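What follows is a single structure, written as structure tokens, with notes after it.
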Amino acid sequence: MRRVIAVLGLAVLASVVPGPVASASGLGFDLDRATIPQLQRLMDRGALSAVRLTQAYLDRIKTVDKKVNAVLKVDETAIAQAKASDQRRRSGHTRGPLDGIPVLLKDNIDTRGLATTAGSRALLGTPPSADATLVARLRQAGAVVLGKANLSEWANFRSTHSTSGWSGVGGQTNNPYALDRNPCGSSSGSGAGIAASLAQVAIGTETDGSIVCPAAANGIVGHKPSLGLVSRTGVVPLSLEQDTAGPMARNVEDVALTLSVLQGRDRTDAATLAYPSNQPTDYARALRKHVLRGARIGVWRNAGIDKDVDRIVERNVALLRAQGATVVEVELPYQAEIAEAEYPALLTEIARDLPPYLRTRPQAPQSIQGLIDFNRRDPVELSKFGQELFEQAATAPGPTDPTYRQQRATTTTLARRSIDETLAAHHLDAIVAPTNSPAWRTDYTAGDAYILGTSTPAAASGYPSTTVPAGYVGTLPIGLSFIAGPWADTTTLALAAAFERANPVRRTPRL
């Protein structure tokens, strides 16, 4: 566990010690292990400034990112933002725990003055004139927008044979634990960038797996919030039935602090209007409780798919029991029916939901067919794989089609029932499941080689899920997901934090 020791009245951070990232950062402590509260204490007593912290991350981007290729573009105003934070601190007007903290944004999140492309060269024209709501919230909290992270182009929903982490704008992002391995999911740059200590926090987005898979495959923490907890206004959509943005960091506490800033109602995003009035505003507060003792947790093993993952799950089930939790075996029903209905529903939804966003970017093609035509003319876009999903979406049934409406109802209803019924039948607080199998080798001929993933029930239901490092297969990280019912983000974060304290397995990647 990380400890704060008082010596002569000064906070000395026991866990922030010289380490593998210390020499590269020039800060004198291990940047990889530092948490936001620890950094804030250092800045409060003058041992660190937001400018020094931001510059350290910018320096790592210049050096380390040559191998990882996680960052598309650095914000040229980052140091000026950091200077403003330092001035606020000197005058006693800091804005909270994110003030002065460098954050990377996935490049499908509108950022004033910075290109926002969803990885597509079709959106390389004039940058957005306004921030996405979530970016505005980060700025109001004093966070330093460090830059934009690479991603799987169009949220990895362009081709049936795509390779995660590749975009026409940014090329291929690599997994920092093994550079020939894939970073997984569409928030690939966000996951790899945080794993490689290129920022303190990143924001990813998920429709189904695109936060939790890159978080797990890159050995970090990722939280897929309840649908409606975080505004999607200004975020390039795939499906407004499932899309959400969420935080990614190297520890649960940083994720919880960031979620507290991101969350809230937005009259321009109808999903946020369902946000409960009793929803907490400080998610980090819940992390202090020993919530594993007395908890009832269902384990959805997905056993027999990968023997190394099975071994990690078994070890962590024993750990949960040793921490005082009751763990029972469960199987989530309806998974085949959900999978059959979700894919065609998403085809209709991207054709419905993407064009309204494109109208905010008038220099870009204004329809799915327009994007298809652009890609056919472009020398880069179809160089690695095709656009079969775009072509299917262009001719998909409309949103009033009875078959589509049944597919969406089936997807959402059965996903919710799969979790709700399992929680109720066993009187559970949450369900745990392996998030991923070991990252596969990036291969443009074979495409993505997914073996194991458990993101769909939470993604399709709109329920929360938090993944936290659980172990390694060789050098490759494996995550464990905590899944709970509607608006139970506090539950998944608190359980994940308690598990993280009991099982501090995360290793710094050696690149």
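The values are calculated or read from the model by the stated rules, or taken from the named source; none is laboratory data. Keep in mind it's a predicted model, so treat the numbers as computed, not measured. Note that each Cβ is placed from the backbone with ideal geometry, even for glycine, and that neighbours are counted across all protein chains shown. The protein model used for the area step is the full one, side chains on, heavy atoms only, and it has no ligands, DNA or RNA in it. Shrake-Rupley method; radii C 1.70, N 1.55, O 1.52, S 1.80 Å.
Observations on the structure shown:
- Ellipsoid semi-axes for segment 378-497, based on the Cα gyration tensor and the rule √(5λ), read 30, 26, 11 Å when sorted largest first.
- Charge sum, other residues only, whose C-beta stays under 14 Å from T475's C-beta, Lys/Arg counted +1 and Asp/Glu -1: +3
- Largest-first principal axis extents of the Cα set of segment 459-503 (Å): 35, 24, 7
- Cross-linked pairs K83/K289; K62/K224; K83/K148; K67/K148; K67/K384: Cα-Cα separations exceed 25 Å for K83/K289; K62/K224.
- Carbon and sulfur %, accessible surface of the chain computed with the full protein complex present, 1.4 Å: 53
- Per the Debye calculation on segment 364-409 with a single equal scatterer at every Cα and no solvent contribution, log₁₀ I(q)/I(0) for q = 0.19, 0.22, 0.33 Å⁻¹ amounts to -0.67, -0.77, -1.17.
- Cα centroid separation, segment 211-246 to segment 254-315 (Å): 12
- Whole-angstrom gap from segment 39-83 to segment 390-438, using each part's C-alpha centre: 39
- Cut-off 13 Å (backbone N to label point 7 Å along Cα→Cβ of E421), residues of segment 317-354: 331-338
- Rounded to two decimals, the Cα radius of gyration of segment 257-307 over 2.2 N^0.38 Å is 1.73.
- Ligands, DNA and RNA excluded, the heavy atoms of L48 present near 10 Å² of accessible surface to a 1.4 Å solvent probe.
- Only Cα pairs under 8 Å and 6+ residues apart enter the sum, and on that basis the relative contact order of segment 415-511 stands at 30 percent.
- Residue-level accessible surface for S186, protein heavy atoms, 1.4 Å, Å²: 0
- Projected over every direction and averaged, the convex hull enclosing the alpha-carbon atoms of segment 16-170 yields 9.8 nm².
- Tensor-based shape of segment 108-251 (alpha-carbon gyration tensor, a/c under 1.5 rounded, otherwise prolate or oblate): rounded
- Packing-based ranking, highest mean first, of 169-182, 129-142 given that Cβ atoms within 10 Å are counted: 169-182, 129-142
- With coordinates expressed along the principal axes, the C-alpha atoms belonging to segment 200-285 extend over 35, 32, 16 Å, beginning with the largest.
- Across segment 155-219, the mean sequence separation of Cα contacts (distance under 8 Å, 6 or more residues apart), normalised by length, yields a relative contact order of 30 percent.
- Relative contact order, percent, the chain [alpha-carbon distance under 8 Å, six or more residues apart]: 16
- Note, ³J(HN,Hα) from phi for segment 486-495, Karplus 6.51, -1.76, 1.60, rounded to Hz, x at Gly and Pro: x, 6, 9, 4, 4, 5, 5, 5, 5, 5
- Restricting attention to the chain, close to 70% of DSSP beta bridges with both partner residues there are antiparallel.
- Environment charge at Q406 (Cβ cut-off 15 Å; Lys +1, Arg +1, Asp -1, Glu -1): -4
- Taken over the alpha carbons of segment 273-381 as equal point scatterers, the Debye sum produces base-10 log I(q)/I(0) values at 0.14 Å⁻¹ of -0.93.
- Put simply, the Cα atoms of the chain extend 70, 53, 45 Å along their principal axes, the longest span coming first.
- Between the amide H of S437 and those of I451, L452, distances stay under 5 Å, these residues lying 5 or more places away or on another chain, with hydrogens modeled in the peptide plane.
- Largest accessible area first, the residues S91, S187 order themselves as S91, S187 under a 1.4 Å probe with ligands, DNA and RNA left out.
- Counted charge near I312, where neighbours are those whose Cβ lies closer than 12 Å (Asp, Glu -1; Lys, Arg +1): 0
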